[in-house]
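Notes for the one structure printed next.
Just so it is clear, none of the values below were taken in a lab; they were calculated from the coordinates. Nothing here was measured: the structure is a model prediction, and the numbers come from that model. Here the Cβ positions follow ideal geometry from the backbone for every residue, glycine too, while neighbour counts run over all protein chains shown.
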């Protein structure tokens, strides 16, 4: 690292080594006194905020600081837990997080690095998908209020029919040069202000009013369809965004294949013409509970569809009403209440 990048810690041949300034923090393995008014990260060297949280949690449950440090010193394992879909780990059981899995040191390191590599692979495959999904969501959520506004305006189409009826009924002919005319309503004799095209006569303005009425009337049906489609697109891409958030590598690939199949994305062509790939049924996840009951669930739309297609009449199918999420199938005719919940 040359001096222009880091003036404090230059790393190159012949450079003078300057020790890092002392932070005047205590050694947690030799010091037993803990000041409860100061955070552990400020008192002891080597304490991350995450470890400090765990130690503080244990101490609040009655465990001594000394016994925790002894546990860290003697540990030959790695404990891995999941927090916000990210692995968290340390060499002691993470009681403040929840359920942890204990692994021998090197096996645990292998698992952590595999997860990191898997995350990078998912990031590579899902980067363009995430960008596309975000763009679609932004487009549709911007489009929807405009469609609703146009639909509300189209619902007010009856006034244009009334304008045309009044112009014909009163036999208004000479309207050229006028931008507006006031005529009395057939219903309550109240004055109605009718906008006019100054280039047209009375019959021309009446025809134009009826044309606008017919256009808005037909537009209502079209706009209703567009609003429904827009809402469906928002639901669909919101579901994909949620699925991609928790996707493993295979699931991310299947989400991309789904978008290609539906025509949202194009298959990437590199060099030679690709051979047609053999159709492979998406593989949903299947687990067995402690009660011996088999449960299957999908992680994306393709897996959900495949799972639903293979469900037997004797199985029980679950899905959250009016919300995107996994389809879950319990392969048992009479599961207990614990399994259902």
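Our analysis of the stretch 285-340 gives Rg over Rh at 0.95, with the two radii drawn from alpha carbon positions and Rh computed by the Kirkwood formula. Hey, how much of the P(r) for the stretch 57-170 falls beyond 22 Å, as a percent of Cα pairs? It works out to 64 percent of all Cα pairs.
Relative to the longest principal axis of the Cα atoms of the chain, helix 249-261 runs at roughly 20 degrees.
Counting every C-alpha pair in the stretch 126-261, the share spaced more than 21 angstrom apart comes to 60%.
Here the stretch 125-192 is treated as an ellipsoid with the same Cα gyration tensor; its semi-axes, largest first and in whole Å, are 49, 13, 8.
Going from the residue with the fewest nearby Cβ atoms within 10 Å to the one with the most, 251, 182, 308 rank 182, 308, 251. For the chain, list log₁₀ I(q)/I(0) at each q in 0.11, 0.13 Å⁻¹, using the Debye formula over Cα point scatterers of equal strength and ignoring solvent, two decimals each. Log-scaled intensity ratios, in q order: -1.01, -1.17.
Please check: in the Gaussian network model of the chain (C-alpha springs, under 10 Å), which one of 28, 191, 145 has the largest mean-square fluctuation. Among 28, 191, 145, the largest mean-square fluctuation in the Gaussian network model of the chain belongs to 191.
Calculated [222 nm] ellipticity per residue, helices only, for the chain: -15500 deg cm²/dmol; basis is -39500 (n - 2.57) per DSSP H run with n ≥ 4, divided by all residues, nearest 500.
Against the longest alpha carbon principal axis of the chain, how many degrees, from 0 to 90 and to the nearest 10, is the axis of helix 202-245 turned? It works out to around 10 degrees. Relative to the longest principal axis of the C-alpha atoms of the chain, give the angle of the C-alpha long axis of helix 158-169, reported between 0 and 90° and rounded to the nearest 10°. Approximately 10 degrees, to the nearest ten.
Just need the Rg to Rh number for the stretch 1-99, please, alpha carbons only, Kirkwood Rh.
Here the Rg-to-Rh quotient is 1.10.
In terms of other Cβ atoms within 10 Å, 152, 128 run from fewest to most in the order 152, 128.
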